[in-house]
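The values are calculated or read from the model by the stated rules, or taken from the named source; none is laboratory data. Worth saying up front: this structure is predicted, and the values here are computed from it rather than measured. As a convention, Cβ positions derive from the backbone with ideal geometry for all residues, glycine included, and neighbour counts pool all protein chains shown. Surface accessibility is based on the protein's heavy atoms, side chains included, excluding ligands, DNA and RNA. Shrake-Rupley method; radii C 1.70, N 1.55, O 1.52, S 1.80 Å.
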Amino acid sequence: MSHSSAPERENGAVITDWRPEDPAFWQQRGHRVASRNLWISVPCLLLAFCVWMLFSAVAVNLPKVGFTFTTDQLFMLTALPSLSGALLRVPYAFMVPVFGGRRWTAFSTGIMIVPCVWLGFAVQDTSTPFSVFVIISLLCGFAGANFASSMANISFFFPKAKQGGALGINGGLGNMGVSVMQLIAPLAISVSIFAAFGGGGVEQADGSSLYLQNAAWIWVPFLVVFTLAAWFFMNDLSASKASLSEQLPVLKRGHLWVMALLYLATFGSFIGFSAGFAMLSKTQFPDVQILQFAFFGPFIGALARSLGGMVSDRLGGTRVTLVNFIVMAVFCALLFLTLPADGQGGNFIAFFGVFMVLFLTAGLGSASTFQMISVIFRKLTMDRVKAQGGSEEQAMREAATDTAAALGFISAIGAIGGFFIPKAFGISLDLTGSPAGAMKVFLVFYIACVVITWLVYGRNTKKNK
């Protein structure tokens, strides 16, 4: 990167002069550039969530088009994208400072076209082996990793005071992709859209046809459009450039691991319930057409996340997180009252209602824990650099790099919930015929999080505001 003396182009792909904490700079120019990058980042991330959770809608329908996989295999397909997504979030978290936000967003959005196209062909051939679906579902996980790089990227653009709100919008509207997918996929598979590309429907018992390939293909045109938008209209910040070795020390911080646990309880619940809710409802209430309602939960959770960032900026992330975990524990306990016993009884409306509150709190908590991470890591880094005699500017820069690395890494651990939760439901149903065993584990975990939040952050809220 050569710093030439020539005045820098307003819309150059690479921005060398970036000072979001400087009010005059932010007013004149920063705010506009940051907003443009945010509003291209949002649909890219939303599409990533659509692709990531594709199997939550596809797996339920595989038996209808002639595949004979077991219930546990189907739960496995909904869980695997979360596993690869979680693992890939670790390298993705460190990519923006290495390659630049614009380049990485364009690449990571474009690459999602591969599993979408492949899945569309795979579901049309009933001789496709389970192993191929396993590979495609792992590839869908690449989409889940985008969250880490997207959040890290957006954190560089905004000043500290606005980070909670910006990350809430990016994360929340991005998370909205889960409900967008669960709303659109069932509609898309009921009509012939891509007949020109081959692909007939499979006739159902009621005489209608099911075009399952459309669940995957519907996203391809949008992915193409937003890959191009990211490439041509986003920016790379040279201020965010950092090598891997500059980012890795963040892993030695104790707070990183505590916050990762709290984020696992909030975002992990959101993504795990999103992945497993449709399949779970199907096993407990087989008479209910769940795909017509499945999108509500992720929709509520994503909205809560969008608002949660702003609420946390105002009230303090620690307070919001603490109250949130208490509510999660209470409603997790209430869920037991709604389940059928031995196939008898059970109340779907109560079951659905309790789950909606769990989605709401999982979304709200995802935002409040992220706001805590921004505050805690900025403070830790600033204090450390100043104690070593570093300048204010150096402290700011290192704080931005550390915060971005921490956000990315913690988001990776949180995503493992997306694998663990559907898998736990699958195992619990296999062993006992009921999901109650899995829910008991979650309940204990939420109670533990209440205690941890209080002990580590709650008692001295003044410091962490």
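One table, with the values for the structure above:
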read-out	value
3 or more residues touching a Gly at 6+ places or on another chain (Cβ under 8 Å) and open to solvent by less than 10 Å² (accessible area, probe 1.4 Å): qualifying helices (runs of 4 or more DSSP H) within the stretch 81-177	130-157
Residue under evaluation ARG384, criteria (1) in contact with a Leu (Cβ under 9 Å, 6 or more places away or on another chain); (2) without any contact (Cβ under 8 Å) to a residue 60 or more places away in the chain; (3) of a type in the set (Lys, Arg), criterion not met	(1)
Qualifying residue in the stretch 349-359 (condition: in contact (Cβ under 8 Å) with a residue 24 or more places away in the chain, β-branched (Val, Ile, Thr) and surrounded by 19 or more Cβ atoms within 10 Å (Cβ to Cβ))	no
Given (1) in contact with an Asp or Glu (Cβ under 8 Å, 6 or more places away or on another chain); (2) at pLDDT 90 or above; (3) not basic (Lys, Arg), index of the condition SER209 fails	(2)
Evaluation of ARG314 against (1) among the basic types (Lys, Arg); (2) touching a residue at least 60 places away in the same chain (Cβ under 8 Å); (3) open to solvent by 20 Å² or more (accessible area, probe 1.4 Å) (one fails), failing number	(2)
Which listed residue is over 19 Å from ALA448 (Cα atoms), touching a residue at least 12 places away in the same chain (Cβ under 8 Å) and either touching a His at 6+ places or on another chain (Cβ under 6 Å) or in a helix (DSSP H, G or I) (or both), from LEU280, LEU256	LEU280
Answer from SER238, SER209 - the residue that is in contact with a His (Cβ under 9 Å, 6 or more places away or on another chain) and either within 30 Å of ILE113 (Cα to Cα) or open to solvent by less than 50 Å² (accessible area, probe 1.4 Å) (or both)	SER238
Test: residue in the stretch 444-463 that is closer than 30 Å to THR71 by Cβ, in contact with a Gly (Cβ under 6 Å, 6 or more places away or on another chain) and open to solvent by less than 30 Å² (accessible area, probe 1.4 Å)	no
Filter result (modelled with pLDDT of 95 or more and among the β-branched types (Val, Ile, Thr)) within the stretch 118-161	VAL132, VAL134, ILE135, ILE136
Condition broken by LEU256, with the remaining ones in (1) under 27 Å from PRO43 (Cα atoms); (2) open to solvent by less than 20 Å² (accessible area, probe 1.4 Å); (3) of a type in the set (A, V, I, L, M) satisfied	(1)
Some residue of the stretch 433-443 being of a type outside the set (D, E, K, R), modelled with pLDDT of 85 or more, assigned to a helix (DSSP H, G or I) and more than 27 Å from the chain's Cα centre (by Cα)	no
Residue under evaluation PRO221, criteria (1) at pLDDT 85 or above; (2) touching a helix residue (DSSP H, G or I) at 6+ places or on another chain (Cβ under 9 Å); (3) not charged (D, E, K, R), criterion not met	(2)
The one condition in (1) among the aliphatic types (A, V, I, L, M); (2) modelled with pLDDT under 95; (3) under 16 Å from PHE99 (Cα atoms) that ALA230 fails to fulfil	(2)
Single match in ASN170, ASN175, ASN153, ASN146 (criterion: of a type in the set (S, T, N, Q), closer than 30 Å to MET396 by Cα and in contact with a Lys or Arg (Cβ under 8 Å, 6 or more places away or on another chain))	ASN175
